[in-house]
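*Asks:* Can you keep this structure in mind? I'll have questions shortly.
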């Protein structure tokens, strides 16, 4: 602008020029400045501006000083300027006006540039907004799908159409109590506890593969059919494995009880996230409301989670908390407000199943539940399961197949799996035949097929028959228990005259345990009391075949019989097994695990079992393949084993 003003200044400032020439130069400079103002404001607006500042007449005057005064009023926007400048002052005033106009023109140039950029930005924002609106309209019309999502959906649908087969467990799983083998008393107890107007929470104990989960599912179905039951026909049965549930101390994830998704850390639905509203997620206890929540392996459930579950069982509700919930926020949906203020309903019946010993289960949980003990399956029941599975598969079994399977497992589920694998082998062998021959030949599972499965799976016989028709001196079958399974323990003894009288030695397995050793000394004392023979004159060696540890005194009677038989050279029938603690006064004291021990005897095909008289109430009812006799003293045991006479009715119980 300076250059423009300098260019417009035709006559240079010089004090040496004559006054006339100087005046003409100043007039031209003033005229040029009015031209610049007209360019800046426009002719019409310049006149209006001069009118407001009372400078129109001055602007049109021929007097140089008045025109300069008009310039001052217009440029500096000051109508109060009245004094006309002297001619000598005009050059300085014009310089000031030029500087002011230069600043004004520069400012207007910057403003125009900014206005252009602002306009461009506004246009860009407008275009972006239009695109978003159009995209939203298209999405609303077409939904959330696009070409990629539709392609992936089609791929999933195609995968759904391909199914290899139903699972063996699904096909062969019992669908009613009539198809279940064994556990008749347990099933009856289970249904009675659910069908009552006041159903109870239940804990089911037992080894794996005996039908605990299936029995619970069918029990709910039966309870729904009974008149007066609290369960509706559509009562839910929610099943979960306790080993997969863990307590989250942050309360961010809890599939069992439910959790809260905070909008900051976890995110929630979009409409809730926009308003920073926490979103409660309901758990399995609410899904099971009005039905049964079945927790398999409940003994593996996290202890803290068990305590939380106990609280839900008492309140029959689940309560949610979140620091982001504002009860005064009117934008919170009603269902979220209700969940935070009142909680979610969780009125269900808990059925827990475990393979753990009852002592390992939370006592607080046990105190709130009825307890049912499922028994291990005996070989005959395994055979029945194998035959039933063959019928469902539509195959024939070679003679002895079911019996072979029963020797390798006590689990119904395992027996079904072995049979299914053998079925696959039988089908594979038919592939070598012609198609017409395959259609006409019925599938038969042979013992060789089962043997191949057993060999590949590295299965070993679970049971070996230990009974014998012969009698042996110094050998007796004792009974042990581990968990829910009983077993037969072979105990043998030999007695020799000591080299030196009174210097006999008694030797017993070091690995058998201190309580078992005490049983040996107790047996020696009782033998001396009965026979009058001092065993210090003999070398006595007692051995537990297999070297297992005997935890407890329950082998006392068996050790007594083995030593007595070896000392008196009386053979013991090998179809007999005994259990019980022996006191130094000769009494047979009660022991634990009688049910499991009798099961172990049945597995070994023992036909006679002697248990303490005080354990008579523990003997299972309905035993058809084994006789159980009770004894009070060792004399009762000796009389039954060696003399085969019937003990007094009041002192003997035979089932």
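*Asks:* Counting only residues that are in a helix (DSSP H, G or I) and in contact with a strand residue (DSSP E or B) (Cβ under 9 Å, 6 or more places away or on another chain), which one in segment 381-408 is surrounded by the fewest Cβ atoms within 10 Å (Cβ to Cβ)?
*Replies:* Within segment 381-408, the match that is surrounded by the fewest Cβ atoms within 10 Å (Cβ to Cβ) is 387.
*Asks:* Same structure, new question: Looking at segment 551-565, is at least one residue farther than 19 Å from residue 593 by Cβ, under 47 Å from the mean Cα position of the chain (by Cα) and at pLDDT below 85?
*Replies:* Among the residues of segment 551-565, not one is farther than 19 Å from residue 593 by Cβ, under 47 Å from the mean Cα position of the chain (by Cα) and at pLDDT below 85, which makes the answer no.
*Asks:* Looking only at segment 571-582, filter to residues that are assigned to a loop (DSSP other than H, G, I, E, B) and modelled with pLDDT of 90 or more; which one of those is farthest from residue 605 (Cα to Cα)?
*Replies:* Checking each candidate, the answer is 580.
*Asks:* Regarding segment 606-615, can at least one residue be identified that is assigned by TED's automatic domain parsing to the domain that holds residue 514, touching a helix residue (DSSP H, G or I) at 6+ places or on another chain (Cβ under 8 Å) and part of a loop (DSSP other than H, G, I, E, B)?
*Replies:* no
Quick grid of which residues meet (1) farther than 21 Å from residue 255 by Cβ; (2) under 22 Å from the mean Cα position of the chain (by Cα); (3) touching a residue at least 60 places away in the same chain (Cβ under 8 Å):
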{"residue": "326", "(1), (2), (3)": "yes, no, no"}
{"residue": "330", "(1), (2), (3)": "yes, no, no"}
{"residue": "340", "(1), (2), (3)": "no, no, yes"}
{"residue": "345", "(1), (2), (3)": "no, yes, no"}
{"residue": "360", "(1), (2), (3)": "yes, yes, yes"}
{"residue": "368", "(1), (2), (3)": "yes, no, yes"}
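*Asks:* While we're here: Somewhere in segment 305-313, is a residue buried (at least 16 other Cβ atoms within 10 Å of the Cβ), assigned to a loop (DSSP other than H, G, I, E, B) and assigned by TED's automatic domain parsing to the domain that holds residue 258?
*Replies:* No, because not a single residue in segment 305-313 is buried (at least 16 other Cβ atoms within 10 Å of the Cβ), assigned to a loop (DSSP other than H, G, I, E, B) and assigned by TED's automatic domain parsing to the domain that holds residue 258.
*Asks:* Looking at (1) assigned to a helix (DSSP H, G or I); (2) in contact with a strand residue (DSSP E or B) (Cβ under 6 Å, 6 or more places away or on another chain); (3) in contact (Cβ under 8 Å) with a residue 12 or more places away in the chain; (4) over 22 Å from residue 614 (Cβ atoms), find the lone condition where residue 557 falls short.
*Replies:* In the conditions (1) assigned to a helix (DSSP H, G or I); (2) in contact with a strand residue (DSSP E or B) (Cβ under 6 Å, 6 or more places away or on another chain); (3) in contact (Cβ under 8 Å) with a residue 12 or more places away in the chain; (4) over 22 Å from residue 614 (Cβ atoms), residue 557 misses (4) alone.
*Asks:* Given the conditions (1) closer than 22 Å to residue 183 by Cα; (2) out of contact with any helix residue (DSSP H, G or I) (no Cβ under 6 Å at 6 or more places or on another chain), report the number of the one that residue 372 does not fulfil.
*Replies:* (2)
*Asks:* Can you pull out the residues in segment 379-388 that are within 33 Å of the chain's Cα centre (by Cα) and farther than 17 Å from residue 177 by Cβ?
*Replies:* Selection gives 382, 386.
*Asks:* Also, quick follow-up: Whether any residue in segment 206-214 is without any contact (Cβ under 8 Å) to a residue 40 or more places away in the chain, assigned by TED's automatic domain parsing to the domain that holds residue 291 and closer than 21 Å to residue 287 by Cα is what I want to check.
*Replies:* No, because not a single residue in segment 206-214 is without any contact (Cβ under 8 Å) to a residue 40 or more places away in the chain, assigned by TED's automatic domain parsing to the domain that holds residue 291 and closer than 21 Å to residue 287 by Cα.
*Asks:* State which residue pairs qualify: first residue over 21 Å from residue 60 (Cα atoms) and inside segment 15-31, second residue at pLDDT 80 or above in any location, beta carbons under 6 Å apart, and separation of 6 or more residues or different chains.
*Replies:* If the second residue must be at pLDDT 80 or above, no pairs are left.
*Asks:* Moving on to the next point. Can residue 616 be described as surrounded by fewer than 22 Cβ atoms within 10 Å (Cβ to Cβ) and touching a residue at least 60 places away in the same chain (Cβ under 8 Å)?
*Replies:* Judged against the criteria, residue 616 is not a match.
*Asks:* Quick one: residue 325 ticks every box in (1) touching a helix residue (DSSP H, G or I) at 6+ places or on another chain (Cβ under 7 Å); (2) at pLDDT 90 or above except a single one, so which number is it?
*Replies:* (2)
*Asks:* Moving to a separate point now. Kindly establish whether residue 185 is assigned to a loop (DSSP other than H, G, I, E, B) and surrounded by fewer than 17 Cβ atoms within 10 Å (Cβ to Cβ).
*Replies:* Judged against the criteria, residue 185 is not a match.
*Asks:* For segment 32-66, how many residues are part of a loop (DSSP other than H, G, I, E, B) and without any contact (Cβ under 8 Å) to a residue 24 or more places away in the chain?
*Replies:* Number of matching residues: 4.
*Asks:* Can you tell which of 90, 74 is over 18 Å from residue 22 (Cβ atoms), at pLDDT 80 or above and part of a helix (DSSP H, G or I)?
*Replies:* From the options 90, 74, the qualifying one is 74.
The values are calculated or read from the model by the stated rules, or taken from the named source; none is laboratory data. None of the values given here were measured: they were computed from a predicted structure. Cβ coordinates were reconstructed from backbone atoms using ideal geometry, including for glycine residues, and neighbour counts include every protein chain displayed.
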